[in-house]
Amino acid sequence: MQYPYRQNSMIEVDETTCLDAARLGDQDAFQRLTDPYQRELLVHCYRILGSFEDAEDVLQETLLRAWHRLDSFEGRASLRAWLYKIATNASLDALDSRRRRVMPTAIHTPANPGDPLPEPVNEFLWLEPLPDTLLDGRPTINPEARYEARESITLAFLVALQNLPGRQRAVLILRDVLGWRASEVAELLDMTVVAVNSALQRARTTMKKHRSDLVPDIVAPVDDEQTASLLARYVEAWEAADSKTLVALLHEDAVMTMPPLPLWYRGRADIQWFLDTYLFTGQAQGRFRLVSTQANGCPAFAVYQCDEASVYRPTALQVLTIKHGQIAEINDFLTFDHRLFSRFGLPLVG
């Protein structure tokens, strides 16, 4: 599955011509007009909502609202700013009817070895991973921005973000992630500059309180030699079902989560117990196959498990957090259908 959202730099349109045609009912012109912004709008909605599926729904709602309100666009602000206003308000509307997204670490204490595995909780609770292919890829050049694009979609950042009320969440993203000026945010959210600055200060205080100490100082690039070596050894250990070698690559207080299972493990010993008890049992060598990808600004792997017909089927998407040359988190998103792998453009047979 290939995503239709195109990068801003990949398409040039005559905005005035397309706008005039779209106002006369030309849907193709409207598509050309909005195409350059759809990818970044999707990521913006995702940051607010914490759910890729919800973000896709809200993006479609944004485009529908924009189509019906096109005559109200007066050109005083840019088309991009006008679309961001619609997308932000549509996202805030969606938050009113949805529970906040979390990871198991936010609502449960660590599981104890020996405890039985709970049943999956399939309510709309969990944060969802985002393919890195949707990121712009260009470095942030706006001095107002405090967070790099990749850092601002890490799971740890999103977990902290979920603690903010919707409007504070939007203000922090617009100011500290996208680098918009306070006056621009005030106009977009129909607030005063004083109210924007106040909301931003409260949001920053809350983020500082809730951000995990596992957030890496710098998101390690996969092509970094040390990181590449670590990941290669991780894949080898996993595919060999070698729990001893695998946990030696982990931080002493590493965390392993498995949404939608409402539990998580902390520490090498407990993670190794889980692996040996549930995954690496019997003749496990070759049972799993890992395929590299990128998610939430971090290294990630699609995990395939060999079935009775000797076919490797999708079983999980792992998003790793690396800190100081060790793996600090394994967020293992279990999959029971093809939607997650399709979202990442991954093959459905390993």
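Every read-out reported here was derived from the displayed coordinates using simple, explicitly stated rules and does not represent laboratory data. Given the structure is predicted, the values throughout are model-derived calculations rather than measurements. No Cβ is skipped: glycine too gets one built from the backbone with ideal geometry, and neighbour counts run over all protein chains shown.
Across the alpha-carbon atoms of segment 8-210, the computed radius of gyration and Dmax are 18.4, 66 angstrom.
Relative to the longest principal axis of the Cα atoms of the chain, helix 79-96 runs at roughly 60 degrees. With the simple model of a label 7 Å out from the Cα in the direction of the Cβ, Ser292 to Phe336 spans 3.3 nm.
Subtracting the Cα-Cα distance of Glu239 and Ala81 from their residue separation scaled by 0.36 nm leaves 52.1 nm.
Cβ crowding within 10 Å, taken as a proxy for footprinting-reagent exposure, orders Glu236, Glu40, Glu119 from fewest neighbours to most as Glu119, Glu236, Glu40. For Rg and Dmax of the Cα atoms in Å, computed directly from the structure shown, the correct entry in (i) 23.6, 77; (ii) 20.3, 58; (iii) 21.6, 67 is (iii). Each residue of segment 194-202 is assigned a 3J(HN,Hα), and the resulting list reads 4, 5, 4, 4, 5, 5, 5, 5, 5 Hz, derived from the Karplus form 6.51 cos²θ - 1.76 cosθ + 1.60 (θ = phi - 60°), x at Gly and Pro.
Of all aspartates and glutamates in the structure, those lying under 19 Å Cα to Cα from Lys208, and not within fewer than 8 positions of it along the same chain, are Glu144, Glu148, Glu151, Asp176, Asp217.
Given the chain, what percent of its DSSP beta bridges are antiparallel, to the nearest 5?
That works out to approximately 85 percent antiparallel.
Once both axes come from the Cα atoms, what is the angle between helix 225-239 and the longest principal axis of the chain, in degrees from 0 to 90, rounded to 10? The two axes meet at around 60 degrees.
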